[in-house]
Structures are given as structure tokens and as C-alpha cells.
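*Asks:* Quick one: the structure is below, and I'll ask about it shortly.
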Amino acid sequence: IDHADNTFYIRTNWQAKNFRMMEVTDNQSTEKNNWKEVIPNRTNVLLEGFEVFKEFLVAEERKEGLINLRIIKWADKSEHCVDFGEPTYAVGTGTNVNYNSKMLRYGYTSLTTPSSTYDYNMETK
């Protein structure tokens, strides 16, 4: 669960084997009947986590054994995935404490790339 701009964001497996993301405003009861779906359950994608920023939502998703970082712009719901340029790797979001930032910090490693930390500009890609 996370909270930003008067909204709670919830990762749940309620009626969702591979998890989904819901939201509820903090002026409502947090009962499930008030939840609104943000990211639906998908049978071929596991929603492992998320990061909430002022202008972006980052979904950490596992598909076909690999983690993808899907960047969703709140304003227009446009989205893209970070391209790692390698067929196999390990990645995970790092510590992202600045809610207003357009930079996503993540950790990355592969068979040819040593363990590294990157700052990714979600606006300019």
C-alpha cells in the first residue's frame, strides 16, 4: 500500500491471482466496494510492486520470467517499458523517496553487466 495526493494505492490479490492495483481516496471508507481498479489482473503478468510519483506510476511486472518496469504517465495514461537491451537480466526499483521526481532509481545486473544503479528520466526516456 502507498499513499499520495489524498489517494491510497493498493496491490492486492483479491479476485486477482497475479495481483492488481487498486485505488481509493482517503475521504472514502477503505472498504473494497470503494476501490477503483488502476492496473487489472492479467493471467500472463505478475504485478510484483509499484512506485507512485506525482506525474508517473511505475509498475514492476514479471512476464515470461523477466521483470519489466512499465512507466505510466498519470496525465494521459501513455506508457512505455524501460528497454534494457539484453535478453536476460535482473532488475528492481531502488529507493525512490522524492515523490516529485521525474527520475526513477533502479538496480540492474546481467551476465555481462555488473550490479549497477541507474537513474532513469521517465519524461525523456
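*Asks:* Being touching a strand residue (DSSP E or B) at 6+ places or on another chain (Cβ under 6 Å) and of a type in the set (S, T, N, Q) is the filter here; which residues of segment 91-120 pass it?
*Replies:* Thr93, Asn96, Thr109, Ser115, Ser116, Thr117
*Asks:* Return the residue satisfying two criteria in turn: it lies in segment 91-101 and is among the hydroxyl-bearing types (Ser, Thr, Tyr) and touching a residue at least 24 places away in the same chain (Cβ under 8 Å), and of such residues it is most open to solvent (accessible area, probe 1.4 Å).
*Replies:* Among residues in segment 91-101 that are among the hydroxyl-bearing types (Ser, Thr, Tyr) and touching a residue at least 24 places away in the same chain (Cβ under 8 Å), the one most open to solvent (accessible area, probe 1.4 Å) is Tyr99.
*Asks:* While we're here: Taking segment 38-59, which residues are among the acidic types (Asp, Glu) and within 15 Å of Thr12 (Cβ to Cβ)?
*Replies:* Matches in segment 38-59: Glu48 only.
*Asks:* Tell me, which strands (runs of 3 or more DSSP E) lie completely within segment 1-90 with 1 or more residues that are touching a strand residue (DSSP E or B) at 6+ places or on another chain (Cβ under 8 Å) and either touching a residue at least 60 places away in the same chain (Cβ under 8 Å) or loosely packed, with under 12 Cβ neighbours inside 10 Å (or both)?
*Replies:* In segment 1-90, the matching strands (runs of 3 or more DSSP E) lie at 2-4, 36-39, 56-63.
*Asks:* Kindly provide the set of residues from segment 100-125 that are charged (D, E, K, R) and either assigned to a loop (DSSP other than H, G, I, E, B) or closer than 14 Å to Tyr89 by Cα (or both), ordered by number.
*Replies:* Lys102, Glu123, Lys125
The values are calculated or read from the model by the stated rules, or taken from the named source; none is laboratory data. Just so we're clear, the structure is a prediction, and the values are computed from it rather than from any experiment. Glycine also receives a Cβ, built like all others from the backbone with ideal geometry; neighbour counts cover every protein chain displayed. Protein only, heavy atoms only, side chains kept; ligands, DNA and RNA dropped before computing areas. Shrake-Rupley method; radii C 1.70, N 1.55, O 1.52, S 1.80 Å.
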